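The block underneath contains the structure these notes are about, expressed in structure tokens.
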Amino acid sequence: MTEETTVTEETQDVAHPMDDLLRMDRMPHIWCPTCGLGTVVTALALALGKSGIPLDDIAVVSGIGCTGRVAGYIKVDSFHTTHGRAIPFATGLHLANPKLKVIVVSGDGDLIAIGGNHFIHAARRNVDITVICVNNFIYAMTGGQVAPTTPLTANASTMPYGNFEPPFNIPHLADSCGAAYVARWSSLHVRRMTTAFAEAIATPGFSLVEVVTPCSTLYARRNRLGTGLDLLKFYHDNCEIQHGADTRSLNIDFQGKITLGKFIERPRPTFLDRLDNWYGQVFGDKYEPYVGDRK
Amino acid sequence: MPQDLPSPPESTKSKYWRKPLDADTVKVPHGELHIIVNRCKGCRFCVEYCPRDVLEMAEDFNVKGYHYPLVKDEVACVNCQLCEMLCPEFAIFCTQTEDEEEGGGEDEG
Ligand code: SF4
Ligand code: SF4
């Protein structure tokens, strides 16, 4: 006991570099041991630091779920919305104040299942927001139910004999709807994930980074895959980096190879670009651009 | 003369198949580790992925009842900060040691 206290006190003189970016009064966070979500938060905080954007100009929006807690832990203006509604909330924030950098951090269940329609339409309209979709293959917080991202044959609490529904391929979904930036990394690839977050934030238009992350308690344990550390080892041995890969080839099979990389980077007019351009033509000089000092 | 250079201890040697051409001009950074024991939930990510095998798990428990990492081989740490980035509990971080700071080479990308 005494020994531990000494070690803690010893480190108190130098604060953890992350302490300024997190709401330390809410720590320890609720995530399980060997869950990968904490690593994703670190990468996001590092990317925000790298981007050089003043923290007052950043907003983070989450939906419901384990990943939904991110908004509560990161010390910028942040919002914890209702289930699946992170993207419409973020769209509203962005339109109300286009100078804000709006970042959505939420899980696969929230963004791709319940919020699936919002996801495809934000990508189609190319709303200038960044979406970080943490994919742990399952609805974690609610008890390990099958998600539309659960790999075929994987076990879930509502698929006790294995999943027979084909899952979504998230990068392909975003690509085919017109996203401007699409990448996928795993929570083990911290440096590349950080770079991808920074690039996604810098890209105008709808940017998506999918992060394959271990859920130790519900996905790994139910499927007898060990702990989150075992899943990191699995990513280490089975992830292949293939930049620019055809997004149709990015399906994830149960315990199969996972292709990572930056797949799409194609700036195209954003929702506000089109709005200004269109009404500028329709109304001519009478039209005032949506926000004069934007960018 | 490369032969005249002192050799690092065996435990810290990287697996080069030949000596890098700039080995005598590059100064290897050195890091000092800070472990906030009672934040740890014992995931072992840092111990497993430290490229220099600097850390090991303690036999003891912290106040939460988890084993936590200990520094096993402090000289070997090269301040790559991988442990710091991987740690999901914000419980470990590394700072460049004083004497190295003016030597630059801090940005590892
Ligand atoms: S249930 Fe899964 S996703 Fe949620 S905190 Fe635990 S390990 Fe992480
Ligand atoms: S900074 Fe790098 S070398 Fe030092 S303990 Fe951490 S992972 Fe190992």
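The values are calculated or read from the model by the stated rules, or taken from the named source; none is laboratory data. Please read all numbers here as calculations on a predicted model, not as lab measurements. When we count neighbours, we look across all protein chains shown, and the Cβ atoms used for this are built from the backbone with ideal geometry, even at glycine.
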(request) Could you please find all residues in the range B:66-88 being in contact with a Pro (Cβ under 8 Å, 6 or more places away or on another chain), assigned to a loop (DSSP other than H, G, I, E, B) and near ligand 2 (Cβ under 6 Å from one of its atoms)? (result) B:78, B:79, B:80
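This table checks each residue for (1) among the aliphatic types (A, V, I, L, M); (2) within 16 Å of ligand 2 (Cβ to nearest atom); (3) more than 14 Å from chain B (Cβ to nearest Cβ).
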residue	(1), (2), (3)
A:115	no, no, yes
A:122	yes, no, yes
A:136	no, no, no
A:150	no, no, yes
A:174	yes, no, yes
(message) Step by step: first the residues of the range A:182-232, then only those that are among the small types (Gly, Ala, Ser), within 17 Å of the chain's Cα centre (by Cα) and assigned to a helix (DSSP H, G or I), then the one that is nearest to the other protein chains (Cβ to nearest Cβ). Which residue is that?
(response) A:198
(message) Conditions first: (1) more than 22 Å from residue A:36 (Cα to Cα); (2) within 14 Å of chain A (Cβ to nearest Cβ); (3) in a loop (DSSP other than H, G, I, E, B). Residue B:60 passes all but one, so which condition is the exception?
(response) (3)
(request) Keeping to the range A:59-80, report how many residues are more than 16 Å from ligand 1 (Cβ to nearest atom) and either farther than 24 Å from residue B:86 by Cα or small (Gly, Ala, Ser) (or both). (result) 4
(request) State the number of residues belonging to the range A:164-204 that are in contact (Cβ under 8 Å) with a residue 24 or more places away in the chain and either among the charged types (D, E, K, R) or over 21 Å from residue A:38 (Cβ atoms) (or both). (result) 22
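Residue by residue, here is whether (1) over 22 Å from residue A:138 (Cα atoms); (2) assigned to a helix (DSSP H, G or I); (3) touching a residue at least 24 places away in the same chain (Cβ under 8 Å); (4) at the interface with another protein chain (Cβ under 9 Å from one of its Cβ atoms) holds:
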{"residue": "A:14", "(1), (2), (3), (4)": "yes, no, no, yes"}
{"residue": "A:17", "(1), (2), (3), (4)": "yes, no, no, yes"}
{"residue": "A:20", "(1), (2), (3), (4)": "yes, no, yes, no"}
{"residue": "A:25", "(1), (2), (3), (4)": "yes, yes, no, no"}
{"residue": "A:33", "(1), (2), (3), (4)": "no, no, yes, yes"}
{"residue": "A:40", "(1), (2), (3), (4)": "no, yes, yes, yes"}
{"residue": "A:65", "(1), (2), (3), (4)": "no, no, yes, no"}
{"residue": "A:70", "(1), (2), (3), (4)": "no, yes, yes, no"}
{"residue": "A:83", "(1), (2), (3), (4)": "no, no, yes, no"}
(request) Mind listing just one residue for me: the one in the range B:22-48 that is closer than 16 Å to residue B:90 by Cβ and part of a helix (DSSP H, G or I) and, of those, nearest to ligand 1 (Cβ to nearest atom)? (result) B:45
(message) Of the conditions (1) within 16 Å of ligand 1 (Cβ to nearest atom); (2) in contact with an Asp or Glu (Cβ under 8 Å, 6 or more places away or on another chain), residue B:54 satisfies every one except a single condition; which number is it?
(response) (1)
(message) Given the options A:142, A:130, name the one that is among the hydroxyl-bearing types (Ser, Thr, Tyr) and out of contact with any strand residue (DSSP E or B) (no Cβ under 9 Å at 6 or more places or on another chain).
(response) A:142
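Please go through the range B:69-109 and give me each residue that is aromatic (Phe, Trp, Tyr) and either within 16 Å of ligand 1 (Cβ to nearest atom) or modelled with pLDDT of 95 or more (or both), ordered by number.
Quick first cut of the range B:69-109, residues aromatic (Phe, Trp, Tyr) only: B:90, B:93.
Answer for the range B:69-109, where residues must be aromatic (Phe, Trp, Tyr) and either within 16 Å of ligand 1 (Cβ to nearest atom) or modelled with pLDDT of 95 or more (or both): just B:90.
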(request) Please determine, by comparing only the residues of the range A:208-239 that are in contact with a Ser or Thr (Cβ under 7 Å, 6 or more places away or on another chain) and of a type in the set (S, T, N, Q), which one is surrounded by the fewest Cβ atoms within 10 Å (Cβ to Cβ). (result) A:227
